[in-house]
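Okay, structure first, notes after.
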Amino acid sequence: MKLPLTDLRIQYDSIKGEIDTAIKEVLASCDFVLGKQLQLLEEDIARYFNVKYAVGVASGTDALVLSLAALGIASPDEVISTPFTFIATAEAVSRVGAKPVFADIRLDTYNLDPEEAGKRITSKTKAIIPVHLYGMPCDMDKIMALAKAHKLSVIEDCAQSFGAAYKGRKTGTFGECGILSFFPGKILGCFGDGGMVITNNAELAKKLTALRNHGSTVKYYYALHGFNSRLDTLQAAILRVKLRHADEWIKKRGEAAVTYNRCLKDLEIGLPPASSGENFTHAFNYYTIRVKQKRDLLQKRLKEEGIATAIYYPLSLHLQEVYKGLGYKKGVFPLAEQCQEEVLSLPMYPELSGAQIEAVCAVVRQALA
Ligand SMILES: *Cc1c(COP(=O)(O)O)cnc(C)c1O
């Protein structure tokens, strides 16, 4: 058996005709930067999320950096987020000169615990970045209530939650803005780097549109210190094709998760939330289990069988060398630290068959016996 964590090849092959045509059209137009297909993708994405504005940028990381910059967040402001996420979430905060402040997560969702976040608010706190990790929505009622009570901006990190919903409403549409990543391994991935910010705030959209293009709204006139951070027209054309299939793919991810949960439910491991509950729809960018003690052994056994896995993430951000200066000690966020030792993500992509999932689960069962 040979199973990757995510299979980009199968997906490309399944829509090769549509993709190749879209690419050829951009090549023929030579409309490479801020082209027509980008504008159309921004309209498509805004419609998909039912928001007023979508601004394409060069990556999910840049979507975070530009959002923070557009909100005027800088030194000595503080921004609260989870330590159990990809580095980009905190890196963006540091990049604009502000200070990342971490708070522990909840074990049932792997997401920022709103109560813990509340304890970290100071007079310097300006924003909170909930990350819908693995595709599981955060408790947005509690996060929005906290933000409202303390007048904080909310930037939702939806890099892993494209298409996920909380109480029937898509993640990314609750806060001041939501950020998307189109990195190839994400739920809606392009063929390189790409990202987007979605928002209902006209002022913010206008600022983001200027910031991504050197701070300019009128060519060669500059009102802001900007960035060169545009989503390529070619990537936009590819994403427009893929967006047409996204809901079907997300549904299949959910079905794969249901099969995994069914096959693994009698084992002594932590399973992710069901694919949809009363309050949420999980988008399953990753299917992640928790295994006490035997995690590394299980990963080794799966590898021997040709099954790829990943650890998202092996070291929480508050313990990373780059954040030594923030002064966090081991033990401050026990749940994030527990997860870093226990999590293991298994193969997850829409085309994964029931038989393949059962084969993965059989190896898991054997290894843990
Ligand atoms: C992937 C990711 C990002 C960054 O996205 P890029 O497009 O790779 O820059 C940010 N936050 C989270 C949680 C991610 O998983």
At 0.36 nm per residue, minus the direct Cα-Cα distance, what do residue 202 and residue 218 gain on full extension? Give it in nm, one decimal, please.
-> 4.0 nm
Within-13-Å neighbourhood charge of residue 166 [Cβ basis; K, R +1; D, E -1] = 0
Which whole-Hz ³J(HN,Hα) couplings does segment 120-129 yield from phi under the Karplus relation 6.51 cos²θ - 1.76 cosθ + 1.60, θ = phi - 60°, glycine and proline marked x?
-> 9, 6, 10, 5, 8, 5, 10, 8, 9, 10
Relative contact order (%) - segment 218-369, alpha-carbon pairs under 8 angstrom, separation at least six = 30 percent
Sum of side-chain charges, residue 177 neighbourhood, beta-carbon under 12 Å (Lys, Arg +1; Asp, Glu -1) = -2
FRET efficiency, residue 321 to residue 265 (Cβ-Cβ, R0 56 Å, nearest 0.05) = 0.90
Where in segment 257-296 does the amide nitrogen come within less than 19 Å of the point 7 Å from the Cα of residue 50, taken along Cα to Cβ?
-> 276-283
Add -39500 (n - 2.57) for each DSSP H run of 4 or more in the chain, then divide by its residues: what number comes out at 222 nm, to the nearest 500 deg cm²/dmol?
-> -12500 deg cm²/dmol
Across segment 195-201, in residue order, what do the Karplus-derived ³J(HN,Hα) couplings come to in whole Hz, using 6.51 cos²θ - 1.76 cosθ + 1.60 with θ = phi - 60° and x for Gly and Pro?
-> x, 7, 10, 10, 6, 9, 8
Tensor-based shape of the chain (alpha-carbon gyration tensor, a/c under 1.5 rounded, otherwise prolate or oblate) | oblate
Going by average Cβ neighbours within 10 Å, how do the peptides 54-60, 324-330, 291-297, 357-363 rank, with the highest at the top?
-> 54-60, 357-363, 291-297, 324-330
If amide H atoms are built 1.01 Å from N in the plane of the peptide, which residues on other chains or at least 5 residues away come under 5 Å of the amide H of residue 280?
-> 167
Could you list the trypsin sites (Lys or Arg not before Pro) in segment 25-71 that lie in coil according to DSSP, counting only those with at most 15 other Cβ atoms within 10 Å of their Cβ?
-> 52
Once you have the Kirkwood Rh of segment 101-156 from its Cα pairs, apply Stokes-Einstein at 37 °C and 0.692 mPa s and quote D in µm²/s.
-> 291 µm²/s
Sorted by chain and then number, the residues having a modelled amide H within less than 5 Å of the amide H of residue 307, at least 5 places away or on another chain, are 3
Mean Cα-pair separation over length for segment 227-306, i.e. relative contact order, pairs under 8 Å, 6 or more apart, % = 23 percent
At a Förster radius of 56 Å, what calculated FRET efficiency corresponds to the Cβ-Cβ distance of residue 120 and residue 2, to the nearest 0.05?
-> 0.80
Over segment 321-369, one equal point on each Cα, no solvent: what is log10 I(q)/I(0) by the Debye formula at q = 0.27, 0.32 Å⁻¹?
-> -1.07, -1.15
Note on segment 44-119: alpha-carbon gyration tensor, axes a ≥ b ≥ c; rule is a/c under 1.5 for rounded, else prolate if a/b larger than b/c, else oblate; result oblate
Relative contact order computed over segment 1-149 (Cα-Cα under 8 Å; 6+ residues apart), in percent = 16 percent
Counting Lys and Arg as +1 and Asp and Glu as -1 over every other residue whose Cβ sits under 14 Å from the Cβ of residue 9, the net charge comes to -1
With x for Gly and Pro, the residue-by-residue ³J(HN,Hα) of segment 250-257, computed from phi through the Karplus equation 6.51 cos²θ - 1.76 cosθ + 1.60 at θ = phi - 60° and given in whole Hz, is 5, 4, 5, 4, x, 5, 4, 5
Under a 5 Å amide H to amide H cut-off, with H placed in plane at 1.01 Å, what residues pair with residue 57 once short-range neighbours are removed?
-> 195, 196, 197, 231
Rounded FRET efficiency, nearest 0.05, which uses the C-beta distance separating residue 18 from residue 365 and R0 of 30 Å = 0.15
With a 10 Å radius around each residue's Cβ, average the other Cβ atoms per peptide and rank 230-242, 268-280, highest first.
-> 230-242, 268-280
So how much slack lies between residue 108 and residue 293, counting 0.36 nm per residue of separation and subtracting their Cα-Cα distance, in nm?
-> 64.7 nm
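Quick note: the coordinates plus some simple rules give every number you see, no bench work behind them. Quick caveat: nothing in here was measured; it's all calculated off a predicted structure. Neighbour counts are summed over all protein chains in view; Cβ atoms, including those assigned to glycine, are modelled from backbone coordinates with ideal geometry.
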